[in-house]
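Down below is the structure, laid out as structure tokens.
The values are calculated or read from the model by the stated rules, or taken from the named source; none is laboratory data. Keep in mind it's a predicted model, so treat the numbers as computed, not measured. Cβ: placed from backbone, ideal geometry, glycine included. Neighbour counts: every protein chain shown. Areas reflect the complete protein model, heavy atoms only, side chains present, ligands, DNA and RNA absent. Shrake-Rupley method; radii C 1.70, N 1.55, O 1.52, S 1.80 Å.
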Amino acid sequence: MIIVMRHDATKAQLENLVAQVHARGFRAHLSGGDERTVIGVIGIDPFSIRDVVADAPGVAEVVRITRPFKLSNREFRAGDTHVRVGDHDVGGDSLWIVAGPCSVDDEELFLETARRVKQAGAHALRGGVFKPRTSPYSFQGLRGDGVDILKEARRETGLPLVCEVLAAPDIEALADVADVLQIGARNMQNFALLSEVGRVRKPVLLKRGMSATIEEWLLSAEYVLSQGNYDVILCERGIRTFETYTRNTLDLNAVPLIRELSHLPVIVDPSHGTGRRSLVSPMALAAIAAGAHGLMIEVHAHPEAALSDGAQSLTPAGFQELVDQLKPLVRALRKPVAVP
Ligand code: PEP
Ligand code: MN
């Protein structure tokens, strides 16, 4: 349920309502828009206190949010959420491009990739040191040993870093170096981990689970938001279908649909979405045409030497080409977005 305050409501009236909500055992989440403040009332059956709050001074209206996701719902916040990463507003007027290898596998190659993607115009660098691999015999990431390499790349390029966490201790291990914590597809419903990153004051990039519905995905976002961390960026990365030519089927329906349902920024990862290098750029362009706020692209200086996901990684030159193709597309879309 949301309580919409009148535009002339006073601070005291707002505080009084928040106190009433708390006194009845619910949590209050505030969303301050340009014109009005909204209080999201969270808990089991908040509508039971509708009559109590509806007549309180300063209240314009009380609206029941029928969908199960509440804080990520457009009804809670009418404007788009902007998530600040470095000097970029993700969800704002310009595309956010994250690029880098699937995993940090070799210091020199990682640093070379970092320099090249920066040159090409990436806004953030990706590189996993904790890798969720389907087989326990596959490369699991450099773990703690990779952290110094991440630091060096960040120092050299100045690019913010997006790094995946698999478990709560990884958050601490990456505390000094990661600017954005990625929750991967396989952990999208790891509710304990979602609550942990919800307690951290750092942006979270939440990938869609490979078998998750859009509603399940938004409910996972809700786990983070309900802990007080509102800086969530959603990432569509493909879902499992009967098709076998591609690793996943990139569900671009999700992009405009998320923008209808939610105020959270949504980006697209066509690397995992297709699993094939040749399909990455076409689907990246399609994602932007569909309204995505950005892209996450796997790029490796020498994809043939990559210890994970080389087959879907662009070369730095391929990434540069993609960025060059994005520029006229963005102009043609006449969207108020700019690529670097
Ligand atoms: C990744 O980004 O390298 C990754 C493991 O992605 P996903 O969780 O989408 O499979
Ligand atoms: Mn990968």
Next on the checklist: Can you go through 218, 225 and tell me which one is touching a Phe, Trp or Tyr at 6+ places or on another chain (Cβ under 6 Å) and either away from ligand 2 (no atom under 16 Å from the Cβ) or within 20 Å of residue 169 (Cβ to Cβ) (or both)?
Outcome noted: 218
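Just wondering, is there one or more residues in segment 285-292 that are within 16 Å of ligand 2 (Cβ to nearest atom), touching a strand residue (DSSP E or B) at 6+ places or on another chain (Cβ under 8 Å) and not polar (S, T, N, Q)?
If we filter segment 285-292 for residues that are within 16 Å of ligand 2 (Cβ to nearest atom), which is where we start, we get none.
No - not one qualifying residue is present in segment 285-292.
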Checklist outcome for this item: The correct count of residues that are over 17 Å from residue 108 (Cβ atoms), over 22 Å from the mean Cα position of the chain (by Cα) and in contact (Cβ under 8 Å) with a residue 40 or more places away in the chain in segment 142-166 is 0
Checklist entry - Which condition number in (1) closer than 19 Å to residue 260 by Cβ; (2) of a type outside the set (Asp, Glu); (3) free of Cβ contacts under 8 Å to residues at least 24 places away in the same chain is the one that residue 81 fails? => result (3)
Checklist outcome for this item: Going through segment 272-327 in order, the residues found to be hydroxyl-bearing (Ser, Thr, Tyr) and in contact (Cβ under 8 Å) with a residue 60 or more places away in the chain are 308, 313
Checklist outcome for this item: For segment 1-24 the number of residues that are open to solvent by less than 70 Å² (accessible area, probe 1.4 Å) and either among the basic types (Lys, Arg) or in contact with a Gly (Cβ under 6 Å, 6 or more places away or on another chain) (or both) is 4
Checklist outcome for this item: Those residues of segment 186-197 which are part of a helix (DSSP H, G or I), crowded, with 20+ Cβ neighbours inside 10 Å and of a type outside the set (S, T, N, Q) amount to 193, 194, 196, 197
Checklist entry - Are any residues in segment 23-35 under 16 Å from residue 73 (Cβ atoms) and not aliphatic (A, V, I, L, M), and if so, which ones? => result 27, 29, 31, 33
Next on the checklist: Tell me whether segment 53-76 contains one or more residues that are of a type in the set (Lys, Arg), open to solvent by less than 60 Å² (accessible area, probe 1.4 Å) and within 16 Å of ligand 2 (Cβ to nearest atom).
Outcome noted: no
Next on the checklist: For segment 198-211, give me each residue that is open to solvent by less than 10 Å² (accessible area, probe 1.4 Å) and either of a type in the set (A, V, I, L, M, F, W, C) or away from ligand 1 (no atom under 16 Å from the Cβ) (or both).
Outcome noted: 198, 204, 205, 206
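Does residue 98 satisfy the condition of being touching a His at 6+ places or on another chain (Cβ under 9 Å), within 16 Å of ligand 2 (Cβ to nearest atom) and not in a loop (DSSP other than H, G, I, E, B)?
On the way: touching a His at 6+ places or on another chain (Cβ under 9 Å): yes; within 16 Å of ligand 2 (Cβ to nearest atom): yes; not in a loop (DSSP other than H, G, I, E, B): yes.
It is true that residue 98 is touching a His at 6+ places or on another chain (Cβ under 9 Å), within 16 Å of ligand 2 (Cβ to nearest atom) and not in a loop (DSSP other than H, G, I, E, B).
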Item to check | Pairs, first within 16 Å of ligand 2 (Cβ to nearest atom) in segment 256-271, second assigned to a strand (DSSP E or B) and among the basic types (Lys, Arg), C-beta under 8 Å, six or more apart | outcome: 269/207
Checklist entry - Right, residue 253: away from ligand 2 (no atom under 16 Å from the Cβ), more than 16 Å from residue 91 (Cβ to Cβ) and not aliphatic (A, V, I, L, M) or not? => result yes
